[in-house]
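The values are calculated or read from the model by the stated rules, or taken from the named source; none is laboratory data. The model shown is predicted, which means the values in this text are computed figures rather than measured ones. Every residue, glycine among them, receives a Cβ derived from its backbone with ideal geometry; neighbour counts consider all protein chains shown.
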Amino acid sequence: MKYQVYVIELSKRVFTENTRFRNANPQFNGVLECLYVGMTSKTPKERFIQHKTGHRNKKGHKLSSNIVQKYGSYLRPSLYNHINLKPMNRAQALKMEEQLALELRRKGYAVWFN
């Protein structure tokens, strides 16, 4: 199965309203955006829709992020399209998700990832 990483811009309200998000991003100075980085076997657009609608699997387990469901605004393909040019398996995508999230934090974004 092929996996991709994706980035969703979040409302800046997440930084003031969500303590866990704020604590994960002590470097954030409010200039750049708040972001969510994830990975999926679906298209980024399909995955974003799942987050926003509170998607659950057949067993009833929630598969969407509460942060994206509440604060997600839109996809930011300019931050991830270059990564998805090469097919990735699940392990590679998980590693790339973390690498991209940490790189974006270093650049000054506030970032949430799993």
Those residues that are of a type in the set (A, V, I, L, M) and either under 14 Å from residue 6 (Cβ atoms) or surrounded by 14 or more Cβ atoms within 10 Å (Cβ to Cβ) (or both), I need them from the stretch 87-102; list them, please. 88, 93, 94, 96, 100, 101
Tell me yes or no: at least one residue of the stretch 64-79 is of a type in the set (A, V, I, L, M) and either in contact with a Cys (Cβ under 7 Å, 6 or more places away or on another chain) or over 15 Å from residue 4 (Cβ atoms) (or both). yes
Out of (1) touching a strand residue (DSSP E or B) at 6+ places or on another chain (Cβ under 6 Å); (2) within 15 Å of residue 102 (Cα to Cα); (3) surrounded by fewer than 18 Cβ atoms within 10 Å (Cβ to Cβ), the odd one out for residue 28 is which? (3)
Show the residue pairs meeting these rules: Cβ distance below 9 Å; 6+ apart or different chains; first residue within the stretch 46-62 and over 20 Å from residue 72 (Cα atoms); second residue not β-branched (Val, Ile, Thr) and not in a strand (DSSP E or B). 57/63
All positions within the stretch 40-91 that are over 18 Å from residue 10 (Cβ atoms), small (Gly, Ala, Ser) and out of contact with any Phe, Trp or Tyr (no Cβ under 6 Å at 6 or more places or on another chain): 60, 91
Spot the failing condition for residue 78; the list is (1) among the hydroxyl-bearing types (Ser, Thr, Tyr); (2) surrounded by 12 or more Cβ atoms within 10 Å (Cβ to Cβ); (3) at pLDDT 95 or above, and only one is missed. (2)
Helices (runs of 4 or more DSSP H) wholly in the stretch 9-54 with at least 1 residues that are within 22 Å of residue 94 (Cβ to Cβ) - which ones? 19-24, 44-53
